[in-house]
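Presented below is the structure to which this report refers.
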Amino acid sequence: MASTEAYLTGVGTFLPGPPVDNATLAKMLGVSEEWIEVFIGTRTRHFARDVGTGEIQWSLADLCAQAAEQALADAGVDRSEIEFIVMGTATPDTLMPATVNHVADQLGLNHLPTYQLQSGCAGAVQALDLGRTLVLAGRHRTGLVIGGDVSSKHLDPSLDFSGKAPSELVNFVLFGDGAGAAVISAEPAGRRLALVRVLNQLTGLGREPGQVIEWFGMADRDSDRQALVEDYKAIEEGVPVMAVEILWELLGDLGWSAEDLDFLLPPQLSGRMTAKITAQLDVPGAEEISCVAETGNNGNALPFLQLERLAERIEPGQRALAVAVESSKWIKAGFAVEAF
């Protein structure tokens, strides 16, 4: 039987290792600490590898399994009740097997459908969308939705960064690692957050990507192409405009006004960009839920980090709206929740 509503009953997150501050990162990259603080506005981030030696300490699967364990505990749900797993990431541990299956293995789960969505910042919202669809269709009652990224795989401390272009250095100070998860259910238990709407829409037809992450196979592994390229100027100009469009599209779909919002979860690009976008969204009556200045931009983990903070504050009858933008091929994403 189809469900009439999908609920987020538990949320969990995991950030690897101690926070890495700007002084540490500036020394490693040979840049000014003030430049990071003023241009990026992010104070700390977490890495799954040692920034001094480059030694890998956590895989993406490790981070996601830890976040999932936290979400299960928060929901008060036994893992035997989980009927599916959906995961969004831009940085899988391997192309095959899919990282989601390693996560299932660590959780001791078997004989259930798993889905891995390859996407950037919108991947977590896409995962929520698919999880919600599975629950509303009546195919499953309870599942895990996960998002996570390990961006530090692009950060090699043995490299000489002195000759790097500013466009490359931005990525090294912007991103961090982490994972988040939520238990989604047809039952209004646990946190009792109804996931009332999800927006997931490609809008980049004919438009150049704002971000490209290359994959190198055996035939082109020695290519001189940059592994990660970002048009920060296009992102800085385009994302605030798209964020406003997402806000009003979701409000229109829901029949809500801006005054109905108690909480706003804005895009988490960087400390500086988030402040700029929040000002343009102009919802002064809603409390902002942001974390990127402390966590760094850890991609698909961010909506769950925001959700975890929201879950501690939201009261029955209150409403929240989240906005996410993926600049890789310009994807609009967002979701709305209501507490019961």
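Each value in this text was obtained by applying a stated rule to the coordinates, not by laboratory testing. Since the model is a prediction, treat every value here as computed from it, not as a measurement. Note that we place each Cβ from the backbone using ideal geometry, even for glycine, and neighbour counts take in every protein chain shown.
For the peptides 304-310, 279-285, what is the packing order when you average, over each peptide's residues, the other Cβ atoms within 10 Å and list the highest mean first? Can you show the working numbers first?
Numbers: 304-310: 25.7, 279-285: 13.4.
Top to bottom by mean Cβ count within 10 Å: 304-310, 279-285.
Kindly provide log₁₀ I(q)/I(0) values, in the same order as q = 0.11, 0.12, 0.17, 0.23 Å⁻¹, from the Debye equation applied to equal alpha-carbon scatterers of region 1-99. With one equal scatterer per Cα and no solvent, log10 I(q)/I(0) is -0.52, -0.60, -0.94, -1.22. Using bins of 20 Å that start at zero, the share of Cα-Cα pairs per bin across the chain amounts to 33, 59, 8, 0, in whole %. Using the average count of surrounding beta-carbon atoms within 10 Å as a protection proxy, the listed peptides 53-59, 125-131 rank, highest first, as 125-131, 53-59. Computed from backbone phi with θ = phi - 60° and the Karplus coefficients 6.51, -1.76 and 1.60, the 3J(HN,Hα) list for region 151-162 is 6, 5, 5, 8, 9, 9, x, 7, 6, 8, 8, 5 Hz; x is used for glycine and proline. Summing +1 for each Lys or Arg and -1 for each Asp or Glu among the other residues whose beta-carbon sits under 14 angstrom from that of residue 319 gives -4. Convex hull volume of the Cα atoms of region 225-340, normalised per residue: 101 Å³.
I need to check one value: relative contact order of the chain, counting alpha carbon pairs closer than 8 Å and at least 6 residues apart, in percent. Worked out over the chain, it gives 26 percent. For residue 150, the residues 5 or more places off, or on other chains, whose built amide H falls under 5 Å of its own are 91.
Amide hydrogen proximity for residue 42: with H placed 1.01 Å from N in the peptide plane, the residues at 5 or more positions away or on another chain lying under 5 Å are 271, 272.
How much length is gained on full extension from residue 133 to residue 231, taking 0.36 nm per residue of separation minus their Cα-Cα distance?
Working: separation 98, 0.36 × 98 = 35.28 nm, distance 3.35 nm.
Working it through step by step, the gained length comes to 31.9 nm.
Projecting the alpha carbon convex hull of region 7-185 along each direction and taking the average yields 10.5 nm². In order along region 91-108, the phi-based Karplus estimate (6.51 cos²θ - 1.76 cosθ + 1.60, θ = phi - 60°) of 3J(HN,Hα) comes to 9, x, 5, 9, 6, 9, x, 4, 4, 4, 6, 5, 5, 4, 4, 5, 7, x Hz; Gly and Pro are listed as x.
Taking amide H as placed 1.01 Å from N in the peptide plane, residue 193 has its amide H under 5 Å from the amide H of 8, each at least 5 places away in sequence or on another chain. Here the contact order of region 7-185, divided by its residue count and restricted to Cα pairs under 8 Å and six or more residues apart, works out to 35 percent. Couplings 3J(HN,Hα) for region 70-75, derived from phi with the Karplus relation 6.51 cos²θ - 1.76 cosθ + 1.60 (θ = phi - 60°), are 5, 5, 4, 5, 5, 7 Hz, where x marks Gly and Pro.
As a check on your grasp of the helix formula, calculate [θ] at 222 nm for the chain: sum -39500 (n - 2.57) over DSSP H runs of n ≥ 4, divide by the residue count, round to the nearest 500.
Details: 9 runs with 104 residues, N = 340.
So the calculated ellipticity at 222 nm is -9500 deg cm²/dmol.
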